């Protein structure tokens, strides 16, 4: 069997610095972490990855389908977490800090449950232990497989941003452009993963120091999701920021909270 290519990614910062992995939300790419990457790369080896089908050179999207997923409806968050762990291994690292937005956060939580010895700290941004009933996710996956990700563009500003007018800003335009060019098969596979994801019964197994950031204006994963995470993960800290689902409206507040949490967790790995 031909080895799978690693997920598309970029890595910045000193080669000898502690590794910090940054995970994106569904439909976004490494650019969603752009406001924070430069500052973080002064102290950490920052690895930003793209989900399968998201990012990568034209015609060669990130990593193709997730491992162990022969068809629609088969991909799981555990599959996606396995791909991220393969990427960390590819760069020769053992332990790492992890921060992720939405689905990216779910991947981090999965890693913290299944591989606690490897996750030094965890930050969950506008994420959840369970993203709702599977039906709507399977419906979205079917729509994208049939009509492409362009079919989602009208609805996403209201779902992603505290103010839908953010879609007309340079940041908003870039995020929506990334969504429009995402490979439908990869996007749909990630919807399948969200449909099947439910970590509520395993949150107590997370031992990594954990920060939960909830968006006050997040309609996709409202603050009740953040509270459930913080209450279920032993010792977790809950903070709120005045953002929508992608947490792009308050980059300084998000960056300050993440930096403080990483500092408290310790840089040495």
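Per-structure values
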{"quantity": "Boolean, residue 202 is surrounded by fewer than 22 Cβ atoms within 10 Å (Cβ to Cβ), touching a helix residue (DSSP H, G or I) at 6+ places or on another chain (Cβ under 9 Å) and within 26 Å of residue 35 (Cα to Cα)", "calculated": "no"}
{"quantity": "Every residue from the range 125-166 that is buried (at least 18 other Cβ atoms within 10 Å of the Cβ) and not in a loop (DSSP other than H, G, I, E, B)", "calculated": "125, 137, 138, 140, 141, 144, 149, 152, 156, 157, 160, 166"}
{"quantity": "Test result for residue 176, within 19 Å of the chain's Cα centre (by Cα), crowded, with 17+ Cβ neighbours inside 10 Å, at pLDDT 95 or above and closer than 26 Å to residue 117 by Cβ", "calculated": "no"}
{"quantity": "Test result for residue 194, out of contact with any helix residue (DSSP H, G or I) (no Cβ under 6 Å at 6 or more places or on another chain), surrounded by 20 or more Cβ atoms within 10 Å (Cβ to Cβ) and in a helix (DSSP H, G or I)", "calculated": "no"}
{"quantity": "Filter pass, residue 203 being in a helix (DSSP H, G or I) and under 20 Å from residue 245 (Cβ atoms)", "calculated": "no"}
{"quantity": "Count of residues meeting criterion [closer than 22 Å to residue 105 by Cβ and out of contact with any helix residue (DSSP H, G or I) (no Cβ under 9 Å at 6 or more places or on another chain)] in the range 127-157", "calculated": "1"}
{"quantity": "Residue 253, sole failed condition from (1) part of a helix (DSSP H, G or I); (2) touching a strand residue (DSSP E or B) at 6+ places or on another chain (Cβ under 9 Å); (3) closer than 29 Å to residue 146 by Cα", "calculated": "(3)"}
{"quantity": "Any pair with Cβ under 8 angstrom, 6 or more apart, that starts in the range 236-264 at a residue that is at positive phi and ends at one that is assigned to a helix (DSSP H, G or I)", "calculated": "247/254"}
{"quantity": "First in the range 108-121 and under 14 Å from residue 265 (Cα atoms), second anywhere and assigned to a helix (DSSP H, G or I) and at pLDDT 95 or above, Cβ under 6 Å, 6 or more apart", "calculated": "119/111; 119/112"}
{"quantity": "Sole exception among (1) part of a loop (DSSP other than H, G, I, E, B); (2) on the phi < 0 side of the Ramachandran plot; (3) at pLDDT 95 or above for residue 268, by number", "calculated": "(3)"}
{"quantity": "Any hit, the range 37-48, residues being in contact with a strand residue (DSSP E or B) (Cβ under 7 Å, 6 or more places away or on another chain), closer than 18 Å to residue 18 by Cα, surrounded by fewer than 24 Cβ atoms within 10 Å (Cβ to Cβ) and modelled with pLDDT under 95", "calculated": "yes"}
{"quantity": "Residue in the range 218-238 that is touching a strand residue (DSSP E or B) at 6+ places or on another chain (Cβ under 7 Å), closer than 22 Å to residue 28 by Cα and surrounded by 15 or more Cβ atoms within 10 Å (Cβ to Cβ) present", "calculated": "yes"}
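The values are calculated or read from the model by the stated rules, or taken from the named source; none is laboratory data. Owing to the predicted nature of the structure, the values given are computational and were not obtained by experimental measurement. Every residue, glycine among them, receives a Cβ derived from its backbone with ideal geometry; neighbour counts consider all protein chains shown.
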